[in-house]
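Have a look at the structure below, then the notes.
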Amino acid sequence: MAKQAVPSDPGYLRKLADYERIVATIPGLERKGAANPYTAINGNMSSYLHPRGAMALRLPAGLREAFLADHGTTLFEAYGIVQKEYVTVPDPLLADTAALSPYFQASVDYVSGLKPKPTKARTKG
């Protein structure tokens, strides 16, 4: 399978820089993925930046509904599927690290409490 290219348009690159800035607010949290940047804890994703430049953030019930109402946004949709635990982060909020930071921390806290996903053993070929 061919590797997916990283989008190179200036709008995407600006959002990628915003995404990397918010990830850097959590010490020890690693941004993973080359073409599809994401964060994960114990195999559970907490956020990602879709190739179209929209950020998805995983939030717990209660905070998720408040976020949707407060920011006039929707659950994240990708590849024709509504991702029920992920909200779409509006672009102005993604650009405002200080305002997004409490939500990002809440996402990391939430995902840190989830049951770890089993790792897949790689077979030597």
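Can you list which of the DSSP-assigned H helices in the chain have a Cα extent of 18 Å or more along the long axis and an average Kyte-Doolittle score of at least -0.5?
Those that clear 18 Å and a mean of -0.5 are 10-23, 97-112.
Just the number please: accessible area per residue for region 63-111, 1.4 Å probe, all protein chains included, in Å².
51 Å²
Let me check against my output: what whole-number percent is the relative contact order of region 51-118, with C-alpha pairs under 8 Å and at least 6 apart?
Computed value for region 51-118: 36 percent relative contact order.
Please give the calculated 222 nm ellipticity per residue for the chain, where each DSSP H segment of at least 4 residues contributes -39500 (n - 2.57) and the sum is spread over every residue; nearest 500 deg cm²/dmol?
So the helix-based figure for the chain works out to -10500 deg cm²/dmol.
I need two numbers for the chain: Rg to one decimal and Dmax as a whole number, Cα atoms only, in Å.
14.7, 51
Of the heavy-atom accessible surface of region 21-118 (probe 1.4 angstrom), what whole percent is carbon and sulfur?
58 percent
How much space per residue, in cubic angstrom, does the convex hull of the C-alpha atoms of region 61-125 take up?
Expressed per residue, the convex hull around the Cα atoms of region 61-125 is 153 Å³.
The values are calculated or read from the model by the stated rules, or taken from the named source; none is laboratory data. As the structure is a prediction and not an experimental result, all values here were calculated from the model. Heads up: the accessible areas ignore ligands, DNA and RNA and are worked out on the full protein's heavy atoms, side chains in. Shrake-Rupley method; radii C 1.70, N 1.55, O 1.52, S 1.80 Å.
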